[in-house]
1. What is the percent of Cα-Cα separations in region A:15-84 that go past 16 Å?
2. If I stretch the segment between A:GLU406 and A:ASP476 completely, what's the gain in nm (0.36 nm per residue apart, minus their alpha carbon distance), one decimal?
3. Say each of B:LYS234 and A:GLN357 gets a label point 7 Å from the Cα, pointing the same way as Cα to Cβ; how far apart are those two points in nm?
4. Please compute the average number of Cβ atoms from other chains found within 10 Å of each residue's Cβ in peptide B:152-160.
5. Run the helix sum for chain A: -39,500 (n - 2.57) per DSSP H stretch of 4+ residues, divided by residue count, reported at 222 nm to the nearest 500 deg cm²/dmol.
6. Residues of A:302-314, mean number of Cβ from any other protein chain within 10 Å of their own Cβ, rounded to a whole number?
7. If each of B:ARG399 and B:GLN30 carries a label point 7 Å out from its Cα toward its Cβ, how far apart are those two points in nm?
8. Once R0 is set to 25 Å, what does the formula 1/(1 + (r/R0)^6) return for the Cβ-Cβ distance between A:THR31 and A:VAL365, expressed as a FRET efficiency to the nearest 0.05?
Amino acid sequence: MPRAPLPEFSSSVRLKYVKLGYQHLVDNFVTFLSIPVMVAVGLELVRRGPQEIVGLWRALELDVIHILCSVFVIIFVATVYFMSRPRPVYLVEYACFKPPSNCRVPFSTFMEHTRLINSDEKSVQFQMRILERSGLGEETCLPPANHYIPPHPTMEASRAEAQLVIFSAIDDLIRKTGLKPKDIDILVVNCSLFSPTPSLSAMIINKYKLRSNIRSFNLSGMGCSAGLISIDLARDLLQVHPGSNALVISTEIITPNFYAGNQRAMLLPNCLFRMGAAAILLSNRRRDAGRAKYRLVHVVRTHKGADDRAYRCVYEEEDAEGHTGISLSKDLMAIAGEALKSNITTIGPLVLPMSEQLLFFLTLVARKLINPKRKPYIPDFKKAFEHLCIHAGGRAVIDELQKNLELSAEHVEASRMTLHRFGNTSSSSLWYELNYIESKGRMRRGDRVWQIGFGSGFKCNSAVWKCMRTVKTPIDGPWSECIHRYPVHIPEVVKL
Amino acid sequence: MELLWMIATVLFLYSSLSFLWKAFDCRRNQNCYLLDYVCYKPSDDRKLSTELCSDVIKRNKRLSMPDYKFLLKVVVNSGISEETYGPRSIIEGREESPTLDDCDDEVDDCMHSTLDELFHRTGISPGDVDVLVVNISMFAPAPSLTSRIVNRYKMREDVKTFNLSGMGCSASPIAIDLVNNVFETRKRTLAVVITSESIAPNWYCGTDKSMMLGNCLFRSGGCSFMLTNDPSLKHRAKMRLKCLVRAHSGANDDAYSCAMQNEDTDGRVGFHLSKSLPKVAVRAFTENLQALAPKVLPVGELALYVIRGLRHRLRRSKETKAYAGTAVRVNFKSGVEHFCLHTGGAAVIDAVGSALGLNKYDVEPARMTLHRWGNTSASSLWYVLGYMEAKKRLRRKDRVLMLSFGAGFKCNSCLWEVLRDLEDGGAWEDSIQAYPPQSLVNPFMDKFGWVNEA
């Protein structure tokens, strides 16, 4: 007679509590260890009574010198310890560019313009299908030059867009923080697809009359993950220069990058990329610790460029007619997944609680030694972070990551809503998403945020922040007028 | 209690020793050593002679006779020889419509040949590189040039890449500054920096005179160099970085717009060089020197400068006519033996040379570099250094000052200390014997000398 099948252990309620107990035990191992010691000491103290304790103290015959020495040693050791730790990097405040409503590109405008610019009906239909499934909303914005039929991608117009988005964001930041431009010590600008000479960093130095001994860097061509590269660079600079602050600007200038051809792989950016910019103020000054919003905990960069497939998946090239555009390969999702896995392998040990790490390690050992067919254990990153900001590259990217990391709808809500309201603003999208979480009043002191950016190269970069003070709503930002309408349900296909 | 006393002493000694060790260890890792550098030498079929230049200019049907004369005049009087190199697309007649492939090929040629040689000479494999910086001002494709290199040389996943762009002719010290800062946060790090310029997509095809100068002066060139802060590689290093000063005068509107990439009235993009450039350069130069002098000059010279300054002020207040317009000179040669000046043009080199009180011997490397290679933008400093090395001028303990100017307007400088006698010919290997030549006059002066009349 066949035995009844074994019950499904993984879904058993009892096992769930066992797992919970295991997690608490391993995570708070040191505390558990010290409890019996503390109890013993406490009991001993109570048993001996206060009189005996005072007597014991007198018997030690400590005079002033001994006490002073001991105190001195303790202070000395503590100072050495604190001095040798890396300087904390604080995010004092950040501001995102709020596009004006006259730059809006609702679906109808986009399709009308596309039909007038592009004579090839198949390309028009393709772009319509992309837009229907893109996850974008009706309020995303394109720069003024792209509203012309055909678009006017001159250098002057590109500079004008740069001035519009960057200066608005910086003005906003100055207003919020009372920052004096002459106080800025470090300036890092990243803009992938527009790199004039003199650089955008020189443009900012000129407009705000920054100091002549400023350390400025202009990164270009580094893709949608360049925002975190800038943060990494600013962090390194802040480690070296005490008492400094750094202004980081992340943006993407859309004007010069309109693709005028018919190659399908190159039409996608036209449909997805939208105007945006973010200005971030970082500082390592102790006096800013009180008013800072976040503290930077980790930045992990992963570059998959050594693999030819990964290198070619987001590639700027010319089509047969000589039009330049960015071609996105069909492998993009798979490559993004692989890049994320590599990044997670590095960041996992840094952020995961001991319980998850132990489980991961044990299952890895089990797979290697006992049973290779066993499913790999995917660490529960939800235990390590309260909020996630995934680069809003496109609906497919967010879906893929949600599946890979086993995330709930709430975890990816910020990304989806940012894609809907602002489109793919490239490197600044992570900041719009963070602003969404804050606007919803979900950001509490002690919360940890994980920002993940993907970009051409192929790179996957992560940053981990810890919230230092609860952010009270309502907040002044790009979401201020529309946050009450969010979250919205985004259908699979919006019929146009 | 003696025991407590002993314990306290032991703890105190231990903490102070470990603190001192940490400080010493930090200092060991703060040095930035230049392991090696390789300057780019394009193939001979890319040589841009005056005759070829003239043909290229003639191809631009929009130019009138006065424009043609002006351009040819600049070329003939530029101090540039027949041996400088241009991009293939221009030589082959595609200067008006370079393709993305042309730009990629130009950049690849430079980066790959210099990097291959650099890795070969240092014996270090690409997989050991921790930091990669590329600075090419006027070409920034996606994926970036750093990704291009990571792909070709199969570098590690955790390599830190930085692609600097738009930072002009003075970007070399900026890249070094970036690497130096990263070095101070990590131990035993190896960095590779590639500096070059992209000429192919930036040839100006219009009629605006201020934008045509770039065509006459900029030439193909580049350099890859390897830096490290690993003290165990010190014995193989050529130089050690002593200090670096950056001065950005972009806050001033004239300075910001004096060297700018813009569209002309016909909508063609070109690099505009305004007439106020020399004045702006002087101002930026002064600012840089003010910060550089205390770091570079010996105390004696600084004291002398203060005394001379006071004396000058006193004299000036008494006899205004005689001393009006004269400035107190600082003798930079007391703190620096060799000067690598940016080869922006003959006038720039002469002006900087006289401001620093340099003689013909001191500016010879820069002048000869301009003659042999033209203005190769950010990499020019390395060709000048190469000249000095090929001429066996660089001896142990000598100090080398690199000084460059660039759009923004920036003036950046860095001081190196030579660690051992250097003798590599490098890119100058086959031509150093012919330098300095008897005359720097363009051999086509006879043929095109008529442009100097009228």
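1. 73
2. Additional length available on full extension: 21.9 nm.
3. A separation of 3.5 nm, rounded to one decimal place.
4. Counting other chains' Cβ atoms within 10 Å and averaging over B:152-160 gives 5.
5. Value at 222 nm, helices only, nearest 500: -14000 deg cm²/dmol.
6. So the per-residue partner count for this stretch is 5.
7. Each label point is offset 7 Å from its Cα along the Cβ direction, giving 1.8 nm.
8. So the FRET efficiency works out to roughly 0.40.
A short reminder: the numbers here are calculations on the coordinates, not readings from a lab. Note that the coordinates shown come from a computational prediction; the quantities given were computed from them, not determined experimentally. For neighbour counting, all protein chains shown are included, and Cβ atoms are generated from backbone atoms with ideal geometry for every residue, glycine included.
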